[in-house]
Amino acid sequence: MFISCDFFSGFRGAPVALTFHPTSHIYHGVVSKCKILHGRYIATPWLSSPHFQTAFLNFFGNPPAFSYRRQLFHASDGGTIALDWLTSSDISRGAFEVNHTISKDDTTPLVVVIPGLTSDSTSSYIKHLAFGLATHGWNVVVSNHRGLGGVSITSDCFYNAGWTEDARVVIDYLHHQYPKAPLFAIGTSIGANILVKYLGEDREKVPVAGAVAICSPWDLLIGDRFICRRLLQKLYDRALTIGLQGYAKLHEPRYSRLANWEGIKKSRSIRDFDNFATCLVGKFETVDTYYRRSTSTPYVLNVSVPLLCISALDDPVCTREAIPWDECRANKNIVLATIKHGGHLAFFEGITGSRLWWVRATDEFIGVLHSSSHMHKKKTEITEQKASIESSIDQGPYVNVREDGMVAAVGSAHAGNKSVEHFTGLGSIQDKTVLATEQTQQQTETKSDVAGSGGEVSGECSSLLRIKCFDVITASKRWLDHLLFRKNGKSVWLLVYIAIITSWPILGSALRIFSSKKKLRKFSAATSHRR
């Protein structure tokens with residue numbers, strides 16, 4: 001177990017370890033100019049363990065308040081993907097203009113974000129990332145996974161931990177729609193696994209100028225073994241399983257038809273859930289087959305675009321044992337940055353914990369890359385569009401938002417062969433826009449009406465996802481809330497136990513200091529008495 005030493009080392013923090021090929025042009029031409037990656041990460045002192053970091057991100061996170069504009073993307077198989085936009089002009093204006101769109105000839109760099117499982121554009125860390133990039137002049141679009149972001153599942157084609165087709169068609173669409181805008185991609189947790197796998201599958205054909213992978217699980221088989229190894233990991237495993245069951249409950253009609261619904265309800269681990277849901281929906285022979293085929297590590301050597309990978313060595317969900325050190329070192333296009341502390345997708349810094357270190361590092365990297373001559377240029381023409389924007393609001397129910405509160409609206413008015421996009425805020429029926437913090441509250445209220453809805457999840461074009469190493473975000477929150485308010489003594493004592501073992505090094509040091517001072521006073525008193 002890793003405990004931050006920043007509290008005892010004068011807030012000196014820990015240096016960032018960089019792994020790269022000796023002749024890497026990405027390192028020498030880009031990363032070598034990034035001051036943040038050559039500095040030290042100083043964790044927020046009172047977030048002294050990876051569990052504190054991860055829990056704080058989940059419960060609080062200090063996300064900025066803003067609204068997205070929503071665009072619904074309809075894939076060729078009938079699936080619906082919510083694209084949530086935050087542009088640099090939105091930030092500079094301080095307010096949104098209805099019907100404001102990006103010009104086809106816009107040259108502002110565009111960043112597409114692929115969240116972790118069951119995370120969406122309203123997740124705290126995604127809002128930190130989107131706001132930080134937009135503030136520095138980037139146009140950002142969050143590509144929510146199917147069935148997330150308040151959009152219902154509209155086909156039998158689901159996504160999972162290795163499903164790259166949605167990322168492929170969305171990125172191709174954005175490249176085709178805004179051909180003059182350099183396109184960058186950022187993946188987080190399972191989204192990072194999907195991104196790296198996609199980059200390795202398509203190699204030089206990808207229209208991406210550069211990419212960043214944050215806290216990737218890398219090898220799902222190793223992650224599966226890790227998540228059930230020790231007591232704390234088993235707790236995460238159980239929490240995430242409850243989250244997956246909650247997600248399945250939101251989409252029960254399809255899962256009860258395509259998977260083993262009784263098995264899903266009785267699942268006690270992520271592996272159980274994958275056995276009864278993911279493998280049946282995705283037609284994988286075994287759970288290990290699913291993990292093996294979804295793992296991104298075999299594709300690392302094929303990545304042909306500049307790629308920065310950031311991982312915390314104390315990540316309680318995605319183990320350091322899965323990091324492909326040798327593969328990253330052998331590929332001249334990849335630089336791997338590992339930090340001693342940080343938890344899962346957290347990396348809080350500052351006394352108040354108001355910033356995420358990896359967001360600043362990501363912004364700096366793509367900024368330096370954009371101004372360099374090392375951006376990747378696609379070698380072939382993009383394939384024919386596989387999806388289109390349709391002029392309608394999703395007809396299915398918005399299963400994880402209140403019927404009387406939230407509306408995800410977007411249209412595509414066709415004029416001849418042209419598709420004219422219309423954006424609106426993710427707002428209420430009354431005012432058409434709503435702050436992201438309010439949207440999150442409304443989603444939470446609705447999800448609480450569904451048994452166990454939380455966690456990280458997904459499915460594939462014939463597969464429901466899962467892996468042991470995905471984000472601890474919504475699942476942990478729902479699960480811990482459940483524990484805190486239960487009248488079950490065992491659950492309360494379990495939390496007390498976790499708190500003690502994760503904070504004992506700090507408490508022990510404080511007790512030793514107190515004890516030493518007490519002994520010193522007694523000694524001084526005894527000496528004075530003798531005199």
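For the reader, a short list of remarks on this structure follows.
- Enumeration of residues in the stretch 299-311 that are surrounded by fewer than 22 Cβ atoms within 10 Å (Cβ to Cβ) and closer than 14 Å to residue 194 by Cβ: 299
- Yes/no for residue 67 being not in a loop (DSSP other than H, G, I, E, B) and not hydrophobic (A, V, I, L, M, F, W, C): no
- Residues in the stretch 215-242 that are surrounded by fewer than 17 Cβ atoms within 10 Å (Cβ to Cβ), under 22 Å from residue 264 (Cα atoms) and hydrophobic (A, V, I, L, M, F, W, C): 228 only.
- Single unsatisfied condition, residue 326 versus (1) closer than 23 Å to residue 198 by Cβ; (2) among the charged types (D, E, K, R); (3) touching a residue at least 24 places away in the same chain (Cβ under 8 Å): (3)
- When each of 273, 284 is tested for being in a loop (DSSP other than H, G, I, E, B) and in contact (Cβ under 8 Å) with a residue 24 or more places away in the chain, the lone residue that passes is 284.
- Any hit, the stretch 169-179, residues being crowded, with 21+ Cβ neighbours inside 10 Å, over 22 Å from the mean Cα position of the chain (by Cα) and without any contact (Cβ under 8 Å) to a residue 60 or more places away in the chain: no
- Yes/no for residue 295 being more than 20 Å from residue 43 (Cβ to Cβ) and open to solvent by less than 20 Å² (accessible area, probe 1.4 Å): yes
- The listed residues are 51, 145, 74, 128, and the only one of them that is open to solvent by 10 Å² or more (accessible area, probe 1.4 Å) and part of a strand (DSSP E or B) turns out to be 74.
The values are calculated or read from the model by the stated rules, or taken from the named source; none is laboratory data. This is a predicted model, so every value here is computed, not measured. Please note: Cβ atoms are built from the backbone with ideal geometry, for glycine as well, and neighbour counts cover all protein chains shown. Note: areas computed on protein heavy atoms with side chains; ligands, DNA, RNA excluded. Shrake-Rupley method; radii C 1.70, N 1.55, O 1.52, S 1.80 Å.
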